[in-house]
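Following: one structure in structure tokens, then a few remarks.
The values are calculated or read from the model by the stated rules, or taken from the named source; none is laboratory data. Every value quoted in this text rests on a predicted model; they were computed, and no experiment measured them. For neighbour counting, all protein chains shown are included, and Cβ atoms are generated from backbone atoms with ideal geometry for every residue, glycine included. All accessible areas refer to the heavy atoms of the entire protein, side chains included, with ligands and DNA or RNA removed. Shrake-Rupley method; radii C 1.70, N 1.55, O 1.52, S 1.80 Å.
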Amino acid sequence: MRKILLFCLLIWSLPAWAAERTAQEILAASDDIRNPDKPFSLTTTLTEYRNGKPADRMVLKVYSKNELKGGQFRTLIRFLEPERDRDKLMLKQGNTLWFYDPASKAGVRLSPQQRLLGQASNGDVVTVNLNRDYTAALSGEETITDGDHQSRDCFRLDLTASAEDVTYARIELWIDKTNDRPIKGKFYSDSGRMLKTAFYRRWEEQLGRIRPTETIILDGVDPNLVTRMQFSDYGWRDIPDSWFQRDYLPHFQGD
Amino acid sequence: MKRALAWAALLWTSAASAQQLDQIPDMVMEDKPEAPPARGGDQTFSAKAFLDVAPQATLWRDVKAVPVPLSSYDRSRWSGWSSGDLRAEWRPMDKVRIIVSDRLDQTYQDDSTPSTHQMRNSWREGYVGLAPADGWFVDLGRVNDKEGVATGYNPTDFFKRQAVLVRQNADPAALRDTRLGAIMARGQKVWDGGSVTALVSPALTSDKGALDDSVFNPGLDRTNRTTRSLLKGSLRLAEDVIPEVLLFDEDGKPPLFGVNLTRGFGDRVVTWAEWSGGRRPDVISTALTDGLRTGLFPANTSAPLAHDSSQGFRNQATIGSSLSFENKLTLTLEGHYNQLGLSPAQWRAWFAKGQAVPQLDAILWQMRQNAQDQGEPISRTQLFARADWTDFPVKDMELSGFTVIAPSDGSAYVQLEQDYYLNPVTTLGLRASASLGNQTSEWGSIPSSFSALARVVRYF
């Protein structure tokens, strides 16, 4: 009788156990929402606000493709605005970043932490699968206010960098329990300093899924410094692998 | 009690998040997404042009150790330039590009009699780029082939020799912007994880005679005086290990070899190493050969300093690292080694000879000028440091500067520039540079001690 009871208990608890996902799986599901699973392009408009007023703007064309090995994204970025930076290129190949200026024909290696505009660094504008570069741990479940002032029940994940050269040493990420959408992130330097907070918002159907089309980044120290990243012109793209080589940059023709 | 605490924590978290959102100005939260830019990437023609105007003031020191043979007008206290710069790309059909890049510099020096205005056109590039198949590229025409991964000195940048026509800025990054390309045929195969490049740049002008620097001379006597070829390949050996290997040949001279490597450490440190080596003459032999070939030196001129005149295997190398800070400051530090350059003993001999035999001054200074034209450091070792600070001291301003230090005598060249981005198409700048050191040091012996300029750049 005892054995039968134990067996029933096991059978009863099995579906719940199977449905229990690891923090890493939750992170991977969240990555899938932010990042399309096939090669794509989009336009990123960065606007920096100071004391509530637009102070600077940068427009980038972003081409991304998943690596066959490793699952990380490769990204090629073409600067469209401002005029002085037009046609300059930035390449993310593995975790290395290259900057190319057609005027000097010079390819310069950059670090992910180098600032691009406002609170956005180079590492923020390239497509990144956090699941590949970070080890996730579930640190709690919380109800937080999302970027559209709605309450959301979230998993709070603590991400620790497992790869070198990543943009942030540690990330706290809040993910909606009901649909795996990333709601909010806090990003930390290797010294433990909170660098910025990001809210993901303006959810729209893009490339077959509901995805955030805007990220608001708040400076870690000065709340008057806000950077908005808007994503538009989503489209599937057939991008050759050769585009993501440093030696390809002088030949880049755009669309 | 436990449940109450949990609820309190939950409410606090939600309130903290809402409070952060409340700090974002309404304008940001409610602002409608802006329309994508009118000028996107879907065009067949694109051009980038700017005008650059700068008046400059220079202070000159009275060089007593080894006087520079300069005319009085070369020592102008006031000078400047107005420059027009254009780079255009046209895609007449799929997989075909036509690239043209040109710059017209009008320089003036107004302190002496007669005042002078000089115009010089730099036809930097003009080539057809073809992409016959996926990953295959062919470029035909005048191409600026720039190699190397370092910032202040690139030993593997084999096409840098005599490529700069007008030096308005000592910043190595700026010199790369204005230099001439060479006529060449370049083929390249790029694949996921590597690339191979082969190029041939033929001799198109005579190897003899002085350079023709008339206004619209295309400068082929600088870039296509000899036949040069380059073969290079890169291969990804592991994540972030992608060495590049180069083989350079010039008119049957012994081949030169080169290697480039970069590596990132953490999220803010990048390091690099660049090396080239091969059997080649030192700067003294090169200056002598060039001076005799172009007729600048009398036929019976011999080397003014004792040196190893053999074409031994000589190395050049740069090792460097950059560090990015959260406050938008990036610092770069490099060490440069040039086995072709003057050793500390040869520097002492340079000054001793110049003071003892004034007739040699012109040749001694031409040696230094020749090394600069070759794009090589004149000294065997030097330190290079650079800083770029975006939004410093205030938003829309950028402070940048670099220094080159001669460790053997402690002298240095320092340049600082403060740019202000007035609007997306206008940049205002102030630049100051100084050469520091005593009169018998590398940088203290050059005649211009300090210069300052104001600059306006307008993009179109």
Checklist entry - Can you list the strands (runs of 3 or more DSSP E) found entirely within segment B:361-460 that contain at least 1 residues being without any contact (Cβ under 8 Å) to a residue 60 or more places away in the chain and either surrounded by fewer than 20 Cβ atoms within 10 Å (Cβ to Cβ) or polar (S, T, N, Q) (or both)? => result B:381-390, B:397-405, B:412-423, B:426-436
Item to check | Answer from A:Thr167, A:Thr197, A:Thr143 - the residue that is under 15 Å from A:Ser121 (Cα atoms), among the hydroxyl-bearing types (Ser, Thr, Tyr) and assigned to a strand (DSSP E or B) | outcome: A:Thr197
Checklist entry - Just a yes or no: is a residue in segment A:54-63 basic (Lys, Arg) and either facing chain B (nearest Cβ under 9 Å) or over 18 Å from the mean Cα position of the chain (by Cα) (or both)? => result yes
Checklist entry - Can you spot a residue in segment B:185-195 that is on the phi < 0 side of the Ramachandran plot, β-branched (Val, Ile, Thr) and at pLDDT below 95? => result yes
Item to check | Hits in segment A:94-110 - residues which are open to solvent by 10 Å² or more (accessible area, probe 1.4 Å), farther than 14 Å from B:Lys146 by Cβ and not basic (Lys, Arg) | outcome: A:Asn95, A:Leu110
Item to check | Qualifying residues in segment B:32-49 (those that are facing chain A (nearest Cβ under 9 Å), surrounded by fewer than 17 Cβ atoms within 10 Å (Cβ to Cβ) and modelled with pLDDT of 65 or more) - the one nearest to B:Gly429 (Cα to Cα) | outcome: B:Ser46
Item to check | Boolean, B:Asp52 is among the acidic types (Asp, Glu), open to solvent by less than 30 Å² (accessible area, probe 1.4 Å) and either within 12 Å of chain A (Cβ to nearest Cβ) or more than 20 Å from the chain's Cα centre (by Cα) (or both) | outcome: yes
Checklist outcome for this item: Residue count, segment A:212-227, condition open to solvent by less than 30 Å² (accessible area, probe 1.4 Å) and touching a helix residue (DSSP H, G or I) at 6+ places or on another chain (Cβ under 6 Å), comes to 1
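Which residue is farthest from the other protein chains (Cβ to nearest Cβ), if the candidates are limited to segment B:251-266 and must be free of Cβ contacts under 8 Å to residues at least 40 places away in the same chain and on the phi < 0 side of the Ramachandran plot?
Looking at the filtered set, the residue picked out is B:Lys253.
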Checklist entry - Hey, any hits in segment B:239-252 for a residue that's touching a strand residue (DSSP E or B) at 6+ places or on another chain (Cβ under 8 Å), closer than 20 Å to B:Arg368 by Cα, hydrophobic (A, V, I, L, M, F, W, C) and not in a strand (DSSP E or B)? => result no
Next on the checklist: It is to be established whether one or more residues within segment B:131-147 are buried (at least 16 other Cβ atoms within 10 Å of the Cβ) and of a type in the set (S, T, N, Q).
Outcome noted: yes
Item to check | Failed condition for B:Gly320, given (1) modelled with pLDDT of 95 or more; (2) in a loop (DSSP other than H, G, I, E, B) | outcome: (2)
Checklist entry - Is there any pair linking a residue in segment B:82-108 that is touching a residue at least 24 places away in the same chain (Cβ under 8 Å) and more than 30 Å from B:Asp134 (Cβ to Cβ) to one that is assigned to a strand (DSSP E or B) and acidic (Asp, Glu), with Cβ under 7 Å and at least six apart or on different chains, and which? => result B:Ser83/B:Asp52; B:Ser83/B:Asp105; B:Asp85/B:Asp52; B:Leu86/B:Asp102; B:Arg103/B:Asp85
Next on the checklist: I want to confirm something. Restricting to segment B:240-268 and keeping residues that are surrounded by fewer than 16 Cβ atoms within 10 Å (Cβ to Cβ) and β-branched (Val, Ile, Thr), which single residue is nearest to B:Leu211 (Cα to Cα)?
Outcome noted: B:Val245
Checklist entry - Out of all the residues in segment A:64-84, which are more than 9 Å from chain B (Cβ to nearest Cβ) and farther than 26 Å from A:Ala28 by Cβ? => result A:Phe79
Checklist entry - Restricting attention to segment B:153-165, does a residue exist that is open to solvent by less than 20 Å² (accessible area, probe 1.4 Å), in a loop (DSSP other than H, G, I, E, B) and within 18 Å of A:Leu249 (Cα to Cα)? => result yes
Next on the checklist: Can you pull out every residue in segment A:111-140 that is at the interface with another protein chain (Cβ under 7 Å from one of its Cβ atoms) and open to solvent by 20 Å² or more (accessible area, probe 1.4 Å)?
Outcome noted: A:Gln114, A:Arg115
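Would you mind stating whether B:Ala88 is more than 30 Å from B:Gln439 (Cα to Cα) and open to solvent by less than 60 Å² (accessible area, probe 1.4 Å)? Step through it out loud before you land on a result.
Working: more than 30 Å from B:Gln439 (Cα to Cα): yes; open to solvent by less than 60 Å² (accessible area, probe 1.4 Å): yes.
Spelling it out, B:Ala88 is indeed more than 30 Å from B:Gln439 (Cα to Cα) and open to solvent by less than 60 Å² (accessible area, probe 1.4 Å).
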